[in-house]
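**Q** My structure is below; once you've seen it, I'll send some questions.
The values are calculated or read from the model by the stated rules, or taken from the named source; none is laboratory data. As the structure is a computational prediction, the values presented were derived from the model and not from experiment. As a convention, Cβ positions derive from the backbone with ideal geometry for all residues, glycine included, and neighbour counts pool all protein chains shown. Protein only, heavy atoms only, side chains kept; ligands, DNA and RNA dropped before computing areas. Shrake-Rupley method; radii C 1.70, N 1.55, O 1.52, S 1.80 Å.
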Amino acid sequence: MLSPGRARPTPDAGENAVFRGRALPWVFLLPSLLILAVFIYLPALQTLRLAAYRANVILGTEQFVGLANFAELLSSPAYRQVALQTLVFTVLTVTFGLLLSLGLAWLASRPVRGASTYRLLLIYPYALSPAIAGTLWLFLFNPEIGVVNALLGELFGVRPRWLDTPVLAFGLVTLAAIWKGLAYNIVFYLASIQNLPGDVMEAAEIDGATPAQVFWRVAFPLLSPITFFLVFTNIIAALFDSFALTDILTRGGPYTGNAGATTFLVYQLYQDGFVNFKTGAAAAQAALMLALVAFVTWMQFRLGERRVHYGS
Amino acid sequence: MAVKHPAAPPARADRAAPRSRRARGVWVTHAALILAILIISAPLIFAVIKSTQTSSVVLSPSLLPGGAFLQNLSGVWEDAHLGRYMRNSLVVAVCVTAGKTTLALLAALAFVYFRFPLKGAAFTLVLLSLMLPTEVLIIALFDLVSRDLKWANTYAAIIVPFLASATGTFLFRQHFLSIPTSLADAARIDGCGPLRYLTHILIPMSTNTIGALAVIQFVYAWDQYIWPLVIMQQDDKQVVQVGLRKLIEVGGQTDWGAVMAGAVITALPPLIVFTALQKQFSRGFALTEDK
């Protein structure tokens, strides 16, 4: 949710440092730092510790097993399937989600009458929660009474079993996740499109460039910083926000191979931690996900510095 | 504005042809936008229609609005405790939004207007927390909150851990840095302390950023799902997102009219906040016509 371009990750040398006082800044910072320390950093360390135990939060039992939890996870076919499914789901939602929202934002940024109303109608779904999205889609795609199958049955005589067929359920969750993410991406794309240098594109147009050429040759490269930023926020969203959606829509199912077709990493973590009570195994999964998020963030900063020009 | 069309007479003679093409392009744009908005809104429109139908009509493909909305709503409001879930979510979302905004303002104040040792380390500590989503910490967080703090089934469990905001601190810091230092200098010379400067000068100058953040934080707090699902075992403290899940799983027969009424009502508070602060939200992210 931090927008690039304005990003200055290192604190300034203090040219704004106006007020005096040694203790005062710490008084202002203390509430934030205390909450971060207790509810973010302490649990993070505790997660790493628990990953080395065969533990059960409910029973309160703990037994040190070293790296056994990790070894078990990495050699488990079910976990590998879940990881692969998460990868495919993430790639699909990020790719199609960003392409669609860029197209829509571009369309909504055209100077037509009522443009601000169109923009509002495109971004309001941001305020709909993943759980509501799951509930609505569950009814829409209900095999017997859903309106989608009523329509498909009428037109083509087919009534797919959306929630019982692994491939269809996977596709459905992916589609719902793309739908849910559109508004957020459109907000950021609209903001950046409006900040594009209009004169550059005008010049291209006067030089005889077609609208498609203006878009791909001029606008698209200029939008690379925001696209880059959105790729990473969308990866994080696909990894975590998918939980409510899949929990309501499919409960991680239907079964295929060694795991449910729509069981993604975070769902598996919840299942093992709070349904199967395999706390140590769940903590090991959490540790792996922490490493994944750290890697994604590191890539973002690393590649961001090198390839993408953020401007001033 | 993406492309500005000059109002001055065209310099070239071949300007007429592109113009008619452009006029057609405008209608294509309108049509495409309307179609896109209809497709995107379809699930919500569908939910609104279905929430008004009686239980005999709701299972049919009929898309004609009925008159049973209040009946459907009163069903879920009392019998399925939607009213209670909504009140819980409202308390949580308002507290989290207000708390996050306050703490982020104070933290940004410290980072921008003070020079102190370990400032860089403190800032890194705030920023790095972005890399640690609650979902990943949930196992250890559950342990801490339920066993050590004994907060299970309390509002504190779903409010306090979310009061610090790296995003808020960062955005307020960026915004404060864009305000001329001379203002703070003048205030200090006039004998104005940092807190007074914050409440009298900075906050009134930050309404757009505060509005934009309030939308984001309210939506985030309202949407909480996995954490309340595990930490709230008592139904009377549960939030409305998890309540929706319970509406669906009542026995074998789901009362879809009632569920849709519940979903529509659940969607309202963040939509109201979003609509009310839409101008600030847009300005906060520079979405307006003229920057």
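**Q** Hydropathy first: keep DSSP H helices in chain B averaging at least -0.5 on Kyte-Doolittle, then drop any whose Cα extent along the axis falls short of 18 Å, and list what survives.
**A** For chain B, where a helix must reach 18 Å along its axis and average at least -0.5, the hits are B:16-50, B:82-113, B:207-223, B:256-276.
**Q** Return the FRET efficiency for the residue pair A:Gln63, A:Ala291: r is the Cβ-Cβ distance, R0 is 25 Å, and the value is rounded to the nearest 0.05.
**A** After rounding to 0.05, the efficiency reads 0.60.
**Q** Moving on. Could you point to the residue in B:Val92, A:Phe295, B:Ile248 farthest towards the positive end of the protein assembly as shown's charge dipole, with +1 and -1 charges on the Cβ of Lys/Arg and Asp/Glu respectively?
**A** Positive-end residue among those listed: A:Phe295.
**Q** Also: Pick out, from A:Thr246, A:Val148, A:Ala176, the residue whose Cα sits farthest towards the positive end of the charge dipole of region A:69-307, with +1 on the Cβ of Lys and Arg and -1 on the Cβ of Asp and Glu.
**A** A:Thr246
**Q** Exactly which trypsin sites (Lys or Arg not before Pro) in region A:46-121 are in a DSSP loop and have at most 10 other Cβ atoms within 10 Å?
**A** A:Arg113
**Q** If you wrap a convex hull around the Cα atoms of region A:20-84, how much volume per residue is inside, in Å³?
**A** It comes to 157 Å³ per residue, whole-number rounded.
**Q** For the protein assembly as shown, what is the accessible area per residue in Å² when the probe is 1.4 Å?
**A** 44
**Q** Can I ask one more? With a point put 7 Å past each Cα toward its Cβ, work out how far A:Arg20 is from A:Leu34 in nm, to one decimal.
**A** A separation of 2.8 nm, rounded to one decimal place.
**Q** If you build a Gaussian network model of chain A, linking Cα atoms that sit under 10 Å apart, which residue out of A:Leu138, A:Leu107, A:Leu121 swings the most?
**A** A:Leu121
**Q** At q = 0.07, 0.09, 0.12 Å⁻¹, what log₁₀ I(q)/I(0) does a Debye calculation on the Cα points of the protein assembly as shown give, no solvent, two decimals?
**A** Debye output, listed in q order: -0.47, -0.78, -1.35.
**Q** For A:Tyr53, list long-range residues whose amide hydrogen, built 1.01 Å from N in the peptide plane, is under 5 Å from its own amide hydrogen.
**A** HN-HN under 5 Å from A:Tyr53: A:Val65.
**Q** Between region B:176-203 and region A:235-306, how many Å separate their Cα centres?
**A** Region B:176-203 and region A:235-306 have Cα centres separated by 45 Å.
**Q** While we're on this one: Going through the DSSP H helices of chain A, which span 27 Å or more along their own axis at the Cα atoms while scoring at least 1.0 as a mean Kyte-Doolittle hydropathy?
**A** Span-like helices here: A:77-108, A:166-194.
**Q** Express in % the proportion of alpha carbon pairs of region B:191-272 at distances exceeding 20 Å. Each step should come with its number before you reach the end.
**A** Working: 1819 of 3321 pairs.
Roughly 55 percent, once rounded to a whole number.
**Q** With the calculation restricted to Cα positions, what are the radius of gyration and Dmax of chain B in angstrom?
**A** 25.1, 80
**Q** To two decimal places, what compactness ratio does region A:83-163 give when its Cα radius of gyration is scaled by 2.2 N^0.38 Å?
**A** That works out to 1.44 for region A:83-163.
**Q** Let me know the charge dipole size of region A:69-307 about its Cα centre in debye, to the nearest 20, where only the beta-carbon of Lys, Arg (+1) and Asp, Glu (-1) is charged. Walk me through the intermediate numbers first.
**A** On the way: 13 positive and 12 negative charges, 22 e Å.
In debye, rounded to 20, region A:69-307 gives about 100.
**Q** Still on this model: Pop a pseudo-label 7 angstrom from the Cα along the beta-carbon direction at both B:Leu35 and B:Leu149 and give the gap in nm to one decimal.
**A** Taking the simple label geometry, B:Leu35 and B:Leu149 are separated by 5.1 nm.
**Q** Report the residue, chosen from A:Phe215, A:Phe64, A:Phe156, that carries the largest GNM mean-square fluctuation when chain A is represented by alpha-carbon nodes joined by springs under 10 Å.
**A** With Cα springs under 10 Å in chain A, the top fluctuation among A:Phe215, A:Phe64, A:Phe156 is at A:Phe156.
**Q** Another question, if that's okay. Percent of Cα-Cα pairs per 10 Å bin, from 0 to the last occupied bin, for chain A, please list those.
**A** 5, 19, 26, 25, 17, 7, 1, 0
**Q** Express the relative contact order of chain A as a whole percentage, based on alpha carbon pairs under 8 Å and six or more residues apart in sequence.
**A** 29
**Q** With chain B treated as a Gaussian network of Cα nodes joined by springs under 10 Å, which of B:Ala93, B:Ala212, B:Ala140 yields the largest mean-square fluctuation?
**A** Maximum fluctuation in the GNM of chain B, among the listed residues, is at B:Ala140.
**Q** Give the longest segment of chain A that steers clear of GluC sites (Glu not before Pro) in DSSP loops with at most 11 neighbouring Cβ atoms within 10 Å, not counting the sites themselves.
**A** The reported range is A:145-312.
**Q** Quickly work out the A:Phe156-to-A:Ser116 label distance, labels modelled 7 Å from Cα along the C-beta direction, and quote it in nm with one decimal.
**A** Label-label distance for A:Ser116 and A:Phe156, simple model: 4.2 nm.
**Q** Now, a different point. What does the buried accessible surface come to for B and A, summed over both chains, with the probe at 1.4 Å? Round to 100 Å².
**A** Approximately 10700 Å² gets buried when B meets A.
**Q** Would you work out the relative contact order for chain B, in percent, from Cα pairs under 8 angstrom that are 6 or more residues apart?
**A** This gives 31 percent for chain B.
**Q** Take the residue pairs A:Lys278/B:Lys237; B:Lys237/B:Lys279; A:Lys180/B:Lys237 and return only those whose Cα atoms are more than 29 Å apart.
**A** Check vs 29 Å cut-off fails for B:Lys237/B:Lys279.
**Q** Related question: Using a 1.4 Å probe on protein heavy atoms, which residues of region A:196-222 have at least 20 Å² less accessible area in the complex than alone?
**A** Buried by 20 Å² or more upon assembly, which counts only protein chains, are A:Gly198, A:Met201, A:Glu202, A:Glu205, A:Ile206.
**Q** Another question, if that's okay. Among B:Ser165, B:Phe176, B:Gln238, whose Cα lies farthest out toward the positive end of the dipole of the protein assembly as shown, if unit charges sit on the beta carbon of Lys, Arg (+1) and Asp, Glu (-1)?
**A** Positive-most Cα among the choices belongs to B:Phe176.
**Q** Roughly how big is chain B's charge dipole about its Cα centre, with Cβ charges of +1 (Lys, Arg) and -1 (Asp, Glu), in debye to the nearest 20? Each step should come with its number before you reach the end.
**A** Working: 24 positive and 15 negative charges, 259 e Å.
In total the dipole reaches around 1240 debye.
**Q** Here is a further query. Taking the Cα centre of the protein assembly as shown as origin, sum charge times position over the Cβ atoms of Lys and Arg (+1) and Asp and Glu (-1), and report the length of that vector in debye to the nearest 20.
**A** Roughly 1240 debye, rounded to the nearest 20.
**Q** Also, quick follow-up: Could you tell me whether region A:109-205 comes out rounded, prolate or oblate from its Cα gyration tensor? Rule is a ≥ b ≥ c as square roots of the eigenvalues, rounded for a/c under 1.5, then prolate if a/b exceeds b/c, otherwise oblate.
**A** It is prolate, given that a/c is not under 1.5 and a/b is the larger ratio.
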